[in-house]
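Here's the structure we're looking at; comments come further down.
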Amino acid sequence: MGDPDIIIERLKQIGGNVAYDIGGNVGEIAKILSHSFELVYSFEPAQESFVKLYNLSKGIQNIIPVPLAISESQGEIELDVSSKSIRKGQLVSGDYLESWGEKIGTRKVMSTTIDEFIRSHPPPDFVKIDVEGHEMKVISGGFECIRVLRPRLFIEVHSNYLGDSIRKALASFYDFEIIYHTAYSPESPRKRNHYFMFSRSKGQTL
């Protein structure tokens, strides 16, 4: 399921110096961000997607593909392989969603944290997070960057419980705008669980 047009148009309006595309997949969002940011670091640990992301970056000089997961620690982590998501080049973690399919295995991948990455790379003005259940670990590993630098955030949420946890964790720093995915009917139980959050520092316009 792709991102709705309203989300794509919002992303096109965001610009700055450096963007972190966390959960880069095949590079669709990185390509959009490359038009309005000087540099886009796109992180993708799934080899199925990274090959396509890497090939895309050959033709777009300001996209830097990084074959790492972003998490709460540096080193090796284990993510889940599910039958449907892996067809789209996505590894998952956390509580299972029917849309991910049956769990068919696990995979060890190398990871780093946002806080560690910015020690040797330019820090972000904007961070996009779409990591299929791993969002809180990304935020935990980037908490100092968030606390001090307050980059703008765009987070895709697949569980309202997880969305609540994210908002509580960041409530001291950010206000949030929620945009629900347009693919679901108003009666669908998935509608309240699949949405997008745009955040800005407290007191700034969304």
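The values are calculated or read from the model by the stated rules, or taken from the named source; none is laboratory data. Everything quoted here is computed from the prediction, not taken from an experiment. FYI the Cβ positions are ideal-geometry reconstructions off the backbone, even for glycines, and counts take in every protein chain you see.
Summary table below
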| item | result |
| --- | --- |
| Flag if residue 198 is in contact with a strand residue (DSSP E or B) (Cβ under 7 Å, 6 or more places away or on another chain), buried (at least 16 other Cβ atoms within 10 Å of the Cβ) and under 18 Å from residue 20 (Cα atoms) | yes |
| Yes/no for residue 153 being under 17 Å from residue 24 (Cα atoms) and either touching a strand residue (DSSP E or B) at 6+ places or on another chain (Cβ under 8 Å) or free of Cβ contacts under 8 Å to residues at least 12 places away in the same chain (or both) | yes |
| Scope region 1-55; condition of a type in the set (A, V, I, L, M, F, W, C) and touching a His at 6+ places or on another chain (Cβ under 8 Å); matching residues | 1 |
| Residue list for region 52-102, restricted to those being at pLDDT below 65, farther than 30 Å from residue 35 by Cα and of a type in the set (Ser, Thr, Tyr) | 83, 96, 99 |
| Residue, modelled with the highest pLDDT, within region 103-147, restricted to residues that are closer than 16 Å to residue 43 by Cα, among the hydroxyl-bearing types (Ser, Thr, Tyr) and not in a loop (DSSP other than H, G, I, E, B) | 112 |
| Region 17-33: number of residues that are touching a residue at least 40 places away in the same chain (Cβ under 8 Å) and in contact with a Lys or Arg (Cβ under 8 Å, 6 or more places away or on another chain) | 9 |
